[in-house]
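Below is one structure, written out as structure tokens; the observations come after it.
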Amino acid sequence: MFEATIHWITETVFRLGYPGIVLLMALESSFIPFPSEVVLPPAGFLAAQGRMSAPLAALAGLTGSLIGALFNYYLAARLGRPFLHRYHKYLLMKEASLDRAEAFFRRHGEISTFVARLIPVIRQLISLPAGVARMRMDRFLLYTAAGAGIWCAVLTSIGWYVGRNAGLITTLDQEVQRYSKAVLLVLLPLLAALVAFYVLRYRKRRGAEKMEEPSRS
């Protein structure tokens, strides 16, 4: 039964093609609860069979992720924080998840739009506090593309690996979870170091600006 479900998912992704991946990943990257694990690993699996291109699938996933992130950004920038918290149920969001995304953004600053792309739940919502804060668009796109690009490459690679090992098809879901967790365990120390460097650099720059203010006045 499970193998039949996996077969149906992979065939659905194949029929939708790259535009379908863009659309599904745009939904995943917006506030609509749709797991990217359902889209890109099957695309990677198909790439291992020669039926799709892994780089194009990952690129389509990245494009969709940026579209969804931009939708969230402009939604938050236009409606504002009070509206999001008042009507979060109608937007299919949990207020606790929204609170976590906001806290993460406040704690880590703009680079959180990169780091959070590798963290479940917060990944889909981090663009909302960025929109409320009116984060500079060039930085938002750069950080979002970097984080989403890594995540898309990871998921596509896992699907490709499973596709090269036909015996794993019956456990595709478990393999995706296992390998994605392993990748995150490797990336998290690097991300923590990157965030620490960013925060220290930001504080140093702010300190220098404050020291210059009296001399200007």
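The distance linking segment 20-67 with segment 114-168 is 11 Å (Cα centroid to Cα centroid, whole angstrom). Annotation: amide H of F34 has no partner in the under-5 Å range at sequence separation 5 or more or interchain, hydrogens built in the peptide plane. On full extension, the segment bounded by K89 and R164 gains 22.8 nm, given 0.36 nm per residue less the C-alpha separation. Scattering from segment 57-152 was approximated by placing one identical point on each alpha carbon and applying the Debye formula without solvent; log10 I(q)/I(0) at 0.12, 0.18, 0.19, 0.25 1/Å stands at -0.32, -0.73, -0.81, -1.36. Computed 3J(HN,Hα) for segment 132-137, one whole-Hz value per residue from the Karplus formula 6.51 cos²θ - 1.76 cosθ + 1.60 where θ = phi - 60°, is 4, 7, 6, 4, 4, 5, glycine and proline marked x. Between M52 and A47, the built amide H atoms are under 5 Å apart, and every one of these is 5 or more places off in sequence or on another chain.
Farthest towards the positive end of the charge dipole of segment 15-173, among the residues L24, A43, P129, is the Cα of P129, using unit charges on the Cβ of Lys, Arg, Asp and Glu.
Counting charges near R117 (Lys, Arg +1; Asp, Glu -1) among other residues having Cβ under 12 Å from its Cβ returns a value of 0.
Taking Cα centre as origin and charging only the Cβ of basic (Lys, Arg, +1) and acidic (Asp, Glu, -1) residues, the dipole magnitude of segment 70-139 rounds to 60 debye.
Quick note: the coordinates plus some simple rules give every number you see, no bench work behind them. What you see is a predicted model, and the numbers here were worked out from it, not measured in a lab. So basically every Cβ, Gly included, is an ideal-geometry build from the backbone, and we count neighbours across all protein chains shown.
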